[in-house]
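Structure first, commentary second.
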Amino acid sequence: MSEITQREERRRTTRSAVAKDGKLFVDNFNIVIDCQIDNESEAGMSLLLDRDDIQLLPKQISLLDKKTGSIVDADVIWRNGDRAGVQFRGKMTAVEHLPGADIRRLSIIATRRLSKPSLWHRTVNGSAK
């Protein structure tokens, strides 16, 4: 029997590798941070961010999965270099189910173009490109 690390023991659900764009909302949606989602489970996600952006993350955030159009409130439970792990504080909710004003605000925020290039070019199959 192999030794199980402390992190593995805490996982309650199976994680799946993914490559999706996301947005983090901080300070009541006043700060928006682009991120990449590189693995997910029913309980949380692992995120790839610019190292400078990692420093801006408070304990509580809202996370938008741009591929599914879903949003969830989450707690940042770990940080390591340019990566962070979040644990959901509820279920992912489709943006289309939010009240009208919230949908309009999120659609404007989510479609803003930022000057930072995608982070995926740096990590494909674990190697720098």
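Quick notes on this structure:
- Counting neighbouring beta carbons within 10 Å and listing from fewest to most, the residues S46, S62 come out as S62, S46.
- Förster-model FRET efficiency, 22 Å R0, E96 and K67, C-beta, rounded to 0.05: 0.95
- Here the residues S16, S70, ranked from fewest to most Cβ neighbours within 10 Å of their Cβ, fall in the order S16, S70.
- Sorted by Cβ neighbour density within 10 Å, fewest at the top, the residues E96, E42: E96, E42
Bear in mind these aren't lab numbers, they're just calculated from the coordinates by the rules spelled out. Remember, it's a predicted structure, so these values are computed and weren't measured experimentally. Cβ atoms come from the backbone with ideal geometry, glycine included; neighbour counts cover every protein chain shown.
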